[in-house]
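K.L.:
Pasting a structure here, questions to come.
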Amino acid sequence: MIEIVSPGPLTTTQDLGRPGSAALGVPRSGAFDRAAAALANRLVGNPADAALLELTLGGLVFRALDAATVALTGAACDGLGWGTPVSLPAGSLVRLGTPRSGLRSYLAVRGGLAVERVLGSASTDLLSGLGPERLTAGDLLAVDPQPSGPVSEQGATPRLRTGPALLLPGPRLDWFTPEASTLLTTTRWLVRPDSDRVGVRLDGPALPRIDATELPSEATRPGALQVPPDGRPIVFGPDAPVTGGYPVIAVLADLDDVAQLRPGDPVSFRF
Amino acid sequence: MLPYGRDALLVELRDVAEVVPLQLSALALPGVLEAVPGARTVLVEFDPTLTGATALTAGLLSAPLAAKTAAPTRQVALEVVYDGADLAAVSTATGLSPEDVIALHSGAVYTVRFCGFAPGFAYLDGLDPRLHVPRHASPRATVPAGAVAVAGEFAGVYPRSSPGGWQLLGHTDAVLWDATATPPALLTPGTAVRFVVA
């Protein structure tokens, strides 16, 4: 059992999300930085779909009421070693700091968290309200007794993301002027403070449209760069709505590329 | 067929009536993971290790005709108490009496074109053009679950309490969303829907 003493700014449970019901209006949800989440689970010998914690700007304080093996990945926080399995004796209090860089950290517990699953997933969907609530002080999380694989013998190496994030053409690229494509790939975009798991909102020049035709609502997906009337793109995150009424100019090849961006961070793109 | 990343296509259709048949056809093709209707499109997400854009395009081009003869659509009747907060405003905006608004809204047969906004929120096509009213410029912070509403060309029902900008005509006690049911949404794409005065 894990006791949440303080959840920090935002801690949710996540797994691989709930794909398969988008036609009914259900977002995919799931860990924003999927590679970091997968690594945390692998380090403690969990299956890839085990439920773990996603921390936003660290700050989580928890007590292991029983002995537990945990691993922290994503944004590194003081208070627990990064990228390596750590054995905690029963009663251990772990106080995680605020990461110096990066936004989201993943804390896996060997066995996986035994939390309520909705449509097959333990993911907290902050837009739809599906899945467990965001964690609050005093929450008790049971650990699944299911047998796991071996704990990883060696730690991980931090994965550095450098250079512009790769974009693929979106379905409505031709709704934009050629200048828009150039602006998209030459601008040093800044992440706006109102970014969250629904979308990473970018500040920069308006991307010009060829005309102001209204788009009948169509399906969107995490990683899509949707351009609302003000011309500034929003990169859809895991909790984004499944349909939208603004044109999608491009799609990120890898959603993880924007998972660790904090408000004010720069980001650039290439096709 | 429009590109949508390495593992998806957006299929654009001429006729809204082709959307759900194409969705069903796509789901029957090997390697397809999701098929998500929009107003005039279907997003087809696939496993790139099992299929590809070329194979799917070929499969989809030959499929829609077959799917049009598929099983009859689901039919749902929803009992509505027409006590919505915007009934009077819609009456004023349309120049119709509240009784006429109710008669037009409950007199039509609607079709679920697509879902979105929230789990189980269905966009219902078939609203009488005389009831086409714009959504509120500023959405309400809370619309109750079961609120029966219209906005633009669509009718809809809020599956759970949420913010919302549609014009509220009434409410239904029907359960629109139950995560433990199969399917969890009462109104799935293609479902025929009628509103009945309670």
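K.L.:
Any idea which of B:Leu87, B:Val150, B:Leu187 is furthest toward the positive side of the dipole for the stretch B:63-198, if Lys and Arg beta-carbons carry +1 and Asp and Glu beta-carbons -1?
P.N.:
B:Leu187
K.L.:
Note the per residue figure in Å³ for the convex hull of the C-alpha positions in the protein assembly as shown.
P.N.:
151
K.L.:
Once amide H atoms are placed 1.01 Å from N in the peptide plane, what residues at a sequence separation of 5 or more from A:Val251, or on another chain, have their amide H within under 5 Å of its amide H?
P.N.:
A:Leu168, A:Gly170, A:Leu225
K.L.:
Given a 1.4 angstrom probe, what's the average accessible area per residue across the stretch A:191-242, in square angstrom?
P.N.:
35
K.L.:
Rolling a 1.4 angstrom probe over the protein chains, ignoring ligands and nucleic acids, what is the accessible area of B:His105 in square angstrom, nearest 10?
P.N.:
Result for B:His105: roughly 0 Å² accessible.
K.L.:
Just how far, in whole angstrom, is the stretch A:124-201 from the stretch A:219-235 if you go by their alpha carbon centroids?
P.N.:
Distance between centres, Cα-based: 14 Å.
K.L.:
Can I ask one more? Mind listing the phi-derived Karplus ³J(HN,Hα) values for the stretch A:106-115, rounded to whole Hz, using 6.51, -1.76 and 1.60 with θ = phi - 60°, and x for any glycine or proline?
P.N.:
Couplings: 10, 10, 9, 10, 4, x, x, 7, 8, 10 Hz.
K.L.:
Between A:Val109, A:Val118, A:Val235, where does the largest GNM mean-square fluctuation fall for chain A, given springs only between Cα atoms within less than 10 Å?
P.N.:
Sorting by GNM fluctuation, first place goes to A:Val118.
K.L.:
Can you list the residues of the stretch A:25-43 that have at least 10 square angstrom less accessible area with all protein chains present than in their chain by itself, probe 1.4 Å?
P.N.:
Those residues are A:Gly25, A:Val26.
K.L.:
Here's another thing I want to ask about it. What percent does the relative contact order of the stretch A:46-124 come to when contacts are Cα pairs within less than 8 Å and at least six residues apart? Show your work: numbers first, answer last.
P.N.:
Values: 164 pairs, mean separation 32.6, N = 79.
It rounds to 41 percent for the stretch A:46-124.
K.L.:
Longest segment of chain A with no trypsin sites (Lys or Arg not before Pro) in a DSSP loop having at most 10 other Cβ atoms within 10 Å?
P.N.:
A:1-99
K.L.:
Quick one: grab the alpha carbon gyration tensor of the stretch A:53-172, order the square roots of its eigenvalues as a ≥ b ≥ c, and give me rounded if a/c is under 1.5, else prolate or oblate depending on whether a/b is larger than b/c. Display every interim value, and only then the final one.
P.N.:
Values: a/c = 1.64, a/b = 1.24, b/c = 1.33.
Oblate is the answer for the stretch A:53-172, as a/c is 1.5 or above yet b/c matches or exceeds a/b.
K.L.:
How large is ³J(HN,Hα) for each residue in the stretch B:78-88, as worked out from phi by the Karplus curve 6.51 cos²θ - 1.76 cosθ + 1.60 (θ = phi - 60°), to whole Hz, x for Gly and Pro?
P.N.:
Rounded to whole hertz, the list is 10, 7, 10, 9, 7, 10, x, 5, 10, 4, 5.
K.L.:
Would you work out the charge dipole size for the stretch B:45-198 about its Cα centre, treating the Cβ of every Lys and Arg as +1 and the Cβ of every Asp and Glu as -1, and quote it to the nearest 20 debye?
P.N.:
Roughly 200 debye for the stretch B:45-198.
K.L.:
In the calculated pair distance distribution of the stretch B:1-147, what percentage of Cα-Cα distances lie above 25 Å?
P.N.:
Roughly 44 percent, once rounded to a whole number.
K.L.:
Roughly how big is the A-B contact, given as buried accessible area in Å² (both sides, 1.4 Å probe, nearest 100)?
P.N.:
Values: alone 11910 and 10160 Å², together 19560 Å².
When A and B are taken together, about 2500 Å² of accessible area is lost.
K.L.:
Under 5 Å between amide H atoms, partner at least 5 residues away or on a different chain: which partners does B:Val197 have, H built in plane at 1.01 Å?
P.N.:
Under 5 Å from the amide H of B:Val197: B:Val80.
K.L.:
Which percent of the accessible area of the stretch A:230-271 is formed by carbon and sulfur heavy atoms (probe 1.4 angstrom)?
P.N.:
Values: 580 of 1170 Å².
For the stretch A:230-271, the apolar C and S fraction of the accessible surface comes to 50 percent.
K.L.:
Can you tell me, using C-alpha contacts under 8 Å and at least 6 residues apart, the relative contact order of chain B as a whole percent?
P.N.:
With pairs under 8 Å counted, the relative contact order is 22 percent.
K.L.:
Something else about it: Springs between alpha-carbon pairs under 10 angstrom, Gaussian network model over chain A: which of A:Gly199, A:Gly129, A:Gly223 fluctuates most?
P.N.:
Fluctuation is largest for A:Gly129.
K.L.:
Once you charge only the Cβ atoms, +1 for Lys and Arg and -1 for Asp and Glu, what is the size of the charge dipole of the stretch B:1-127 about its Cα centre, to the nearest 20 debye? All intermediate terms of the calculation are to be shown ahead of the outcome.
P.N.:
Values: 6 positive and 13 negative charges, 92 e Å.
Using Cβ point charges on Lys, Arg, Asp and Glu, the stretch B:1-127 gives about 440 debye.
K.L.:
Now for a separate question. Answer with one residue from A:Val258, A:Leu119, A:Gly81: the one whose Cα lies farthest towards the positive end of the charge dipole of chain A, charges on Cβ with Lys, Arg +1 and Asp, Glu -1.
P.N.:
Going by the charge dipole, the pick is A:Gly81.
K.L.:
Which residue, A:Asn41, A:Leu141, A:Phe236, has the largest displacement toward the positive end of the dipole of chain A when charges sit on each Cβ (Lys, Arg +1; Asp, Glu -1)?
P.N.:
Farthest along the dipole direction, towards plus: A:Asn41.
K.L.:
I'd like the orientation of helix A:34-43 relative to chain A: the angle between its Cα long axis and the longest Cα principal axis, in ° from 0 to 90, rounded to 10.
P.N.:
Roughly 20 degrees, rounded to the nearest 10.
K.L.:
Read phi for every residue in the stretch A:58-74 and hand back ³J(HN,Hα) as whole Hz from Karplus 6.51 cos²θ - 1.76 cosθ + 1.60, θ = phi - 60°, with x for Gly and Pro.
P.N.:
Once rounded to whole Hz, the list reads x, x, 6, 10, 9, 10, 8, 6, 10, 4, 8, 10, 10, 9, 10, 9, x.
K.L.:
Please work out whether the stretch A:81-134 counts as rounded, prolate or oblate from its C-alpha gyration tensor, where a ≥ b ≥ c are the square roots of the eigenvalues and a/c under 1.5 means rounded, while otherwise a/b larger than b/c means prolate and anything else oblate?
P.N.:
Judged from the Cα gyration tensor, the stretch A:81-134 comes out oblate (a/c at least 1.5, b/c at or above a/b).
K.L.:
Report the label-to-label distance for A:Arg117 and A:Thr84 in nanometres (one decimal), using points 7 Å from each Cα along the Cα→Cβ vector.
P.N.:
Taking the simple label geometry, A:Arg117 and A:Thr84 are separated by 3.3 nm.
K.L.:
Could you put B:Glu99, B:Glu153, A:Glu218 in order of accessible surface area, largest first, with the 1.4 Å probe and the full protein assembly present?
P.N.:
Values: B:Glu99 125, B:Glu153 100, A:Glu218 5 Å².
These residues rank, largest area first, as B:Glu99, B:Glu153, A:Glu218.
K.L.:
Add -39500 (n - 2.57) for each DSSP H run of 4 or more in chain A, then divide by its residues: what number comes out at 222 nm, to the nearest 500 deg cm²/dmol?
P.N.:
Values: 2 runs with 19 residues, N = 271.
Mean residue ellipticity, 222 nm, calculated: -2000 deg cm²/dmol.
K.L.:
Right, next: So, with a 1.4 angstrom probe, what is the percent of accessible area on the stretch B:48-198 that is carbon and sulfur? Don't skip to the end; give the middle numbers.
P.N.:
Values: 4170 of 7090 Å².
Carbon-and-sulfur percentage of accessible area, whole number: 59.
K.L.:
Identify the residues of the stretch A:208-235 with backbone N under 18 Å of a label point that sits 7 angstrom from the Cα of B:Arg135 along the Cα-to-Cβ direction, or state none.
P.N.:
Zone members listed by number: A:213-221, A:226-231, A:234.
K.L.:
Continuing with this model, one more query. Calculated FRET efficiency, B:Asp47 and B:Asp100, Cβ-Cβ r, R0 56 Å, to nearest 0.05?
P.N.:
0.60
The values are calculated or read from the model by the stated rules, or taken from the named source; none is laboratory data. Nothing here was measured: the structure is a model prediction, and the numbers come from that model. Cβ sites come from the backbone with ideal geometry, for glycine too, and all protein chains shown count toward neighbours. Heads up: the accessible areas ignore ligands, DNA and RNA and are worked out on the full protein's heavy atoms, side chains in. Shrake-Rupley method; radii C 1.70, N 1.55, O 1.52, S 1.80 Å.
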